[in-house]
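> Just passing along the structure, written as structure tokens.
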Amino acid sequence: MNEVILELKDIHKSFGKNNIHRGINLTLHKGESLGLLGGSGTGKSVLLRSVIGLERIDKGEILFSGERIDNLSENLLTPYRIKISYSFQSGALFDSINVFENIAYPLFEHTKFSYNQIRDKVAEMLKLIDLEGKEELMPSDLSGGMQKRVGMARAMILNPEIILYDEPTAGLDPANTLNVISLMQKLKQKGLASIFVTHDIPSAIMLCDRIVVLHEGKIAFNDTPQKFQASEDPIVKKFITSAKD
Ligand SMILES: Nc1ncnc2c1ncn2[C@@H]1O[C@H](COP(=O)(O)OP(=O)(O)OP(=O)(O)O)[C@@H](O)[C@H]1O
Ligand SMILES: [Mg+2]
């Protein structure tokens with residue numbers, strides 16, 4: 001097994017009386033893709049947001065390559081937000097700027113690359129997401145699936161080590177879902193580790209090395225997709241059945 005790149009230790013998080021996370025322990029290894037499943041409102045998005053400090057945990061520790069990051073200030077978190085990229089549920093493109101500017105944005109923000117270097121890097125990303133030559137299009141010219149892929153290209157452009165996907169295929173038709181999944185597969189082949197939050201169990205099984213189920217604030221299941229499918233655990237069985245509805 002590869003070395004651990006991300007470790008969550010005994011994470012607790014409440015909003016008022018709503019105890020969302022009640023002792024979450026989870027490790028992610030280099031290059032591994034982990035599917036994070038669970039009913040609506042179980043705290044999947046809050047967990048992803050906590051990893052990059054958009055949400056602050058109440059108790060526990062988050063370690064990136066052995067270094068504690070949950071207690072860092074916003075400034076000190078910036079380099080980790082480059083190493084751990086977060087791909088928003090909505091794609092979150094800027095509507096008023098074109099595809100090139102959307103993908104290039106983190107490079108302008110965080111690097112001193114020349115314009116030509118940025119142009120080449122964006123062209124390379126567009127090739128990867130199968131939108132070669134589409135620099136000038138506006139987000140409104142793109143299908144939902146294309147917008148998601150552009151959002152993923154932006155999330156990838158600073159060469160992160162981990163990518164956190166929050167429901168990247170939600171709301172997509174089957175063809176666009178397949179396009180997004182195949183892009184995720186390509187990124188996985190490049191050695192990128194990921195946490196894939198989804199309600200789409202077949203996609204998680206297809207893509208992930210490990211499946212984790214969040215239930216009542218804890219990890220109720222953590223094993224291979226094969227074991228997940230064959231599980232006799234009543235929580236897992238109930239979850240699989242309800243997800244088919
Ligand atoms: N900023 C916040 N303030 C108060 N409560 C919040 C906040 N963010 C999330 N919650 C609550 O925390 C719980 C978990 O939310 P979260 O968005 O993580 O669920 P989820 O598992 O991602 O659900 P879904 O599958 O529907 O996206 C919900 O009850 C939600 O209402
Ligand atoms: Mg969510």
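Quick note: the coordinates plus some simple rules give every number you see, no bench work behind them. Note that this is a predicted model, so its numbers are computed, not measured. Because the Cβ atoms are built from the backbone with ideal geometry, glycine has one as well, and the counts that use them run over all protein chains shown.
> Taking region 21-56, which residues are under 14 Å from E7 (Cα atoms) and either among the β-branched types (V, I, T) or within 9 Å of ligand 1 (Cβ to nearest atom) (or both)?
Hits for region 21-56 are I24, T27, L47, L48, V51, I52.
> Considering only region 190-205, state which residues are in contact (Cβ under 8 Å) with a residue 24 or more places away in the chain, surrounded by fewer than 20 Cβ atoms within 10 Å (Cβ to Cβ) and assigned to a helix (DSSP H, G or I).
I201, S203, I205
> Residues to consider are L187, L183; find the one that is within 26 Å of P106 (Cβ to Cβ), free of Cβ contacts under 8 Å to residues at least 60 places away in the same chain, in contact with a strand residue (DSSP E or B) (Cβ under 9 Å, 6 or more places away or on another chain) and of a type in the set (A, V, I, L, M).
One residue alone meets the criteria, L187.
> Check D223, D209 and return the single one that is touching a strand residue (DSSP E or B) at 6+ places or on another chain (Cβ under 8 Å), more than 16 Å from ligand 1 (Cβ to nearest atom) and touching a residue at least 60 places away in the same chain (Cβ under 8 Å).
Criteria check complete, one pass: D209.
> OK, next. Pick from L158, L172, L187: which is crowded, with 16+ Cβ neighbours inside 10 Å, assigned to a loop (DSSP other than H, G, I, E, B) and away from ligand 1 (no atom under 16 Å from the Cβ)?
L158
> When the residues of region 38-85 are narrowed to those that are at positive phi and away from ligand 2 (no atom under 16 Å from the Cβ), which ends up surrounded by the fewest Cβ atoms within 10 Å (Cβ to Cβ)?
Per the criteria, the residue is G66.
> I'm checking my understanding of the structure. Among residues of region 1-37 that are away from ligand 2 (no atom under 16 Å from the Cβ), polar (S, T, N, Q) and out of contact with any helix residue (DSSP H, G or I) (no Cβ under 9 Å at 6 or more places or on another chain), which one is nearest to Q189 (Cα to Cα)?
N2
> Of the conditions (1) polar (S, T, N, Q); (2) within 20 Å of the chain's Cα centre (by Cα); (3) part of a helix (DSSP H, G or I), S85 fails just one. Which one is it?
The single condition S85 does not satisfy is (3).
> Additional query: Looking only at region 96-111, decide whether some residue is of a type outside the set (K, R), touching a residue at least 60 places away in the same chain (Cβ under 8 Å) and over 20 Å from M206 (Cβ atoms).
no
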